[in-house]
Structures are given as C-alpha cells and as structure tokens.
Amino acid sequence: ERLANSTLMEKVFFANSGAEANEGMIKIARKYSADQYGPERTKILTLKNSFHGRTVATLEATGQDKFHQNFYPFTGGFDYVEANNIEDLKQKMADPSVCGIMMELIQGESGVRPLDPVFVREAARLAKENDILFMADEVQTGIGRTGSLFCWQQYGIQPDLVSCAKALGGGVPIGAVLSGDKAAHVLQPGDHGTTFGGNPLAASAAKTVLDIVDQPDFLADVKDKGDYFMNSIRALNKRSVQDVRGMGLMIGIQVGADKVMDYLKRLQNKGVLALKAGTDTIRLLPPLIITKEEIDQAVKAMNEVFE
Ligand SMILES: Cc1ncc(COP(=O)(O)O)c(C=O)c1O
C-alpha cells in the first residue's frame with residue numbers, strides 16, 4: 001500500500017531479490033500478452049549494455065555478451081536495442097512478437113549512464129501505442145537513490161511495471177514488482193509465487209526504510225548531497241577525471257580503463273569503498289544518509305588518489 005500510494009501503481013508483488021523481481025516483470029508482460037493476443041507475442045526488448053540480474057532469464061535479458069559466456073543455452077525471447085538510438089528502438093518495437101520493453105533508466109553496471117529522456121519518452125510512447133508493457137528496472141535506482149523515490153518519476157513517464165530490491169530492505173533481502181492498472185490484474189492465484197516473498201521480517205525492514213525515505217526533505221537532501229558530491233569531485237580539476245555523471249547519490253567518475261582498478265584499491269586503503277562500472281568508471285553508491293562532512297572526507301581521499 002505504501003509503495004503503491006506513492007507511485008500511482010496499483011499492486012505490489014514481493015520477491016526476495018532484484019533478479020527475481022525482474023523475472024516477475026517478464027512473466028507478467030508475457031502473460032498480459034498471452035491473455036490479450038494469444039501465445040505468439042512473447043519477445044522482451046532490453047537495451048545493449050544493460051544489467052538485469054544473474055538468473056538464467058535475467059542474464060539473457062542483460063545486453064552484455066561478457067555476462068552470457070559459459071551459461072548457454074538460454075531460453076530465447078529477448079532482443080537488444082541500442083540505448084538512446086531512436087531509429088533502432090522504432091525498428092525493434094515494430095516487431096509484432098514484442099510484448100515488453102525493460103530498461104534501467106540509469107545503466108549502472110555498464111558505467112552509470114543516465115538514458116536520454118527523449119529516448120525514454122519515445123520508448124514509453126511507442127509501448128503505449130502498441131500495447132507493449134514498459135518495464136523499469138529500478139533495482140539499483142529505486143527507493144531514493146537518485147533523489148526521487150523512483151528514477152522514472154524524473155523522466156516524466158508512467159511505467160506499466162517497476163522492479164525494485166536492494167535499498168528497499170536496507171540490507172535485508174527483499175524485492176518487489178509494482179504493477180500499474182494495465183498489469184495489475186494479470187497474475188491470478190497460482191500463476192506466480194514465492195515462499196519467502198513478503199515475509200514479516202523483510203516487510204518490516206522495508207517499512208522502516210520507507211519511513212525514513214518519506215521524511216520531509218529526505219529526497220531533496222539526497223539530490224542536494226549528490227550535486228554537492230559531483231561538483232566537489234569536478235572542482236578537484238584532476239587530469240585523469242574525464243567525466244563525472246549521475247543523478248542523486250548514484251555517481252560515476254570516468255577515469256580510464258588503465259586507472260580504474262588502481263584508484264579503487266587506493267581509495268579502499270583510505271577507507272572509501274567504491275566499485276567499478278563498465279571498463280573505465282568508478283561507481284559511487286554511498287548510503288543515502290551520508291553527511292556532507294563524510295562526502296568531504298571521500299573527496300579529500302580522491303584528491304590524494306586521482307592524478
Ligand atoms: C539494475 C539491476 N537489476 C537487477 C539486479 C539484480 O539484483 P539482485 O542482485 O538483487 O538479484 C541488479 C544488481 O545486482 C541491478 O543493478
């Protein structure tokens with residue numbers, strides 16, 4: 001109820017992880033289409049350089065070959081659109097076997113790359129026009145990370161399905177699929193399920209997280225601290241920093257493939273835990289409750305490490 005009320009979505013199905021939430025979205029998109037159009041319309045479009053999880057279907061949904069190696073055979077039924085390429089999008093969405101399109105609004109794993117809003121809105125428009133379900137994978141961006149409860153709220157779209165996990169439990173495993181009016185009544189008892197999904201421990205953790213995120217100014221603060229963090233890194237004026245990008249407290253610092261691992265190690269030695277995104281980018285996903293003083297400490301470490 002809390003999640004649905006703050007997002008204009010109708011129903012929420014609880015799972016145990018992000019990959020499982022994405023599997024739920026894939027199943028709902030296929031069943032919606034089977035109910036409306038029969039069994040032939042099953043293809044899910046995702047984006048090249050996406051990341052959607054580590055189960056067999058979500059690995060296949062992940063548009064990066066390096067994650068596929070050694071895990072074949074896949075089940076089929078996915079195709080990949082080049083991110084931000086509207087021509088490619090139009091061509092692939094015209095395929096009559098497509099029933100859903102899934103995307104991360106900021107591609108996290110492949111380099112912290114916010115999608116172009118024009119591309120996202122065109123995908124949402126075409127999805128609506130062709131009765132294709134639009135699915136936002138908000139496993140990494142959801143629950144305040146980008147300065148709004150969900151990132152799609154800053155893109156001016158209303159997805160049919162949204163997945164979230166990670167931050168929802170604040171460390172306790174939980175995932176969720178939010179369904180809008182089109183998708184809310186697709187699953188009937190027996191169509192989908194999970195033993196542990198929505199268990200009282202995980203649900204209490206999620207409720208506590210939502211209590212914190214819903215505090216007045218919490219999300220505005222995330223935005224403000226994210227801008228402060230990004231501007232402070234830019235102000236270091238380091239030669240090796242080619243780009244600083246992101247939204248809220250999801251930040252990518254592009255430093256080059258030859259430097260990234262060395263910088264991560266040296267930052268770790270100074271108490272700053274970051275991770276790699278793509279081949280050449282440092283990814284920062286600090287706790288949303290980070291203070292400006294702690295941001296200053298991290299920037300000080302970066303000043304010492306970056307050339
Ligand atoms: C965008 C995105 N989707 C899905 C997943 C998979 O989530 P989980 O590891 O909880 O299965 C992740 C992270 O691992 C992710 O970043």
Q.
Looking at the range 49-63, I want the residues that are free of Cβ contacts under 8 Å to residues at least 60 places away in the same chain and have a partner that is more than 9 Å from the ligand (Cβ to nearest atom) and acidic (Asp, Glu) with Cβ atoms under 7 Å, at least 6 apart or on another chain. Which pairs are those?
A. Thr55/Glu23; Ala57/Glu23; Thr58/Glu23
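Can you confirm whether the range 240-257 contains a residue that is among the aliphatic types (A, V, I, L, M), open to solvent by 40 Å² or more (accessible area, probe 1.4 Å) and more than 13 Å from Ile143 (Cα to Cα)? Walk me through it before giving the result.
Step one: list which residues in the range 240-257 are among the aliphatic types (A, V, I, L, M), which gives 241, 244, 247, 249-251, 253, 255, 257.
Right, trim to open to solvent by 40 Å² or more (accessible area, probe 1.4 Å) and you get 257.
From the residues that got through so far, the ones that are more than 13 Å from Ile143 (Cα to Cα) too are 257.
Within the range 240-257, one or more residues are among the aliphatic types (A, V, I, L, M), open to solvent by 40 Å² or more (accessible area, probe 1.4 Å) and more than 13 Å from Ile143 (Cα to Cα).
Just to check your reading of the model, which residue among Ala274, Ala220, Ala205 is touching a residue at least 40 places away in the same chain (Cβ under 8 Å) and under 23 Å from the mean Cα position of the chain (by Cα)?
Values: Ala274 fails: touching a residue at least 40 places away in the same chain (Cβ under 8 Å); Ala205 fails: touching a residue at least 40 places away in the same chain (Cβ under 8 Å).
The unique qualifying residue is Ala220.
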Q | Among the residues listed as Val241, Val299, the single one being part of a loop (DSSP other than H, G, I, E, B) and either more than 24 Å from Lys166 (Cβ to Cβ) or in the same structural domain as Ser148 (by TED's automatic domain parsing) (or both) | A | Val241
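Among Asp131, Asp88, which is the only one that is touching a residue at least 60 places away in the same chain (Cβ under 8 Å), over 17 Å from the mean Cα position of the chain (by Cα) and in the same structural domain as Val177 (by TED's automatic domain parsing)?
Values: Asp88 fails: touching a residue at least 60 places away in the same chain (Cβ under 8 Å).
The unique qualifying residue is Asp131.
So, Ala123, is that one open to solvent by less than 50 Å² (accessible area, probe 1.4 Å), assigned by TED's automatic domain parsing to the domain that holds Thr42 and not basic (Lys, Arg) or not?
Numbers: open to solvent by less than 50 Å² (accessible area, probe 1.4 Å): yes; assigned by TED's automatic domain parsing to the domain that holds Thr42: yes; not basic (Lys, Arg): yes.
So Ala123 fits the description; yes.
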Q. Only one of (1) among the charged types (D, E, K, R); (2) within 27 Å of Met135 (Cβ to Cβ); (3) not in a loop (DSSP other than H, G, I, E, B) is not met by Asp221, so which one is it?
A. (2)
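The values are calculated or read from the model by the stated rules, or taken from the named source; none is laboratory data. For clarity, every value in this text was computed on a predicted model and none was experimentally measured. Note that each Cβ is placed from the backbone with ideal geometry, even for glycine, and that neighbours are counted across all protein chains shown. These area figures cover heavy atoms from the full protein model, side chains too; ligands, DNA and RNA do not enter into them. Shrake-Rupley method; radii C 1.70, N 1.55, O 1.52, S 1.80 Å.
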